[in-house]
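The values are calculated or read from the model by the stated rules, or taken from the named source; none is laboratory data. What you are looking at is a predicted structure, and each value in this text was computed from that prediction instead of being measured. We place every Cβ from the backbone using ideal geometry, glycine too, and count neighbours over all the protein chains shown. What goes into the accessible areas is simple: the full protein's heavy atoms, side chains included, and nothing from ligands, DNA or RNA. Shrake-Rupley method; radii C 1.70, N 1.55, O 1.52, S 1.80 Å.
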Amino acid sequence: DRLAFDLADAKAADAEQDAAPGLFAVDHDGKRFKQLVERQRLWAANGNDQRRMQPWNTFLLNNSTQRRGSEVLAWQPEAYDGKDFGYIKLLRLNTFTALTNEVEAPPNSTAWWADAAGQLRAVVTRQGQHGALRWL
């Protein structure tokens, strides 16, 4: 069994943090540790680098009950206008390979809840000042 975790510091102010929380996975016995998400934005990468990671702005879904196993749920903002995210992708992230598959969700989803098996059960959608809780 694997455990996924990040290095978020909930007590530190945003201005005090010099890196994103990243995302990591490890076997229960401490073996096969893997960094899944970059902690800092890379402007240039070595073309021969075999370490495949998701970009720094990929985050473990906090309310995910599925933080164990070969896949976890994560989210990634795609657009930001200075006040709000314009589009957010929900992803299934493989804890061995760091490869992702986008999870189908209603447009304008901003929050997700999954059951213990990792299946989406509810989402919050928001467009402008209107929002809705949708059961799936």
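Values for this structure:
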{"quantity": "Filter result for Ala19 (aliphatic (A, V, I, L, M), open to solvent by less than 50 Å² (accessible area, probe 1.4 Å) and at pLDDT below 85)", "calculated": "yes"}
{"quantity": "Residue ID - modelled with the lowest pLDDT, chosen from residues in region 86-128 that are surrounded by 12 or more Cβ atoms within 10 Å (Cβ to Cβ) and among the small types (Gly, Ala, Ser)", "calculated": "Gly118"}
{"quantity": "Residue within region 31-44 that is modelled with pLDDT of 90 or more, open to solvent by 80 Å² or more (accessible area, probe 1.4 Å) and of a type in the set (Lys, Arg) present", "calculated": "yes"}
{"quantity": "Candidate set: region 65-85, residues that are within 30 Å of Asp29 (Cα to Cα) and at pLDDT below 85; chosen: the one most open to solvent (accessible area, probe 1.4 Å)", "calculated": "Arg68"}
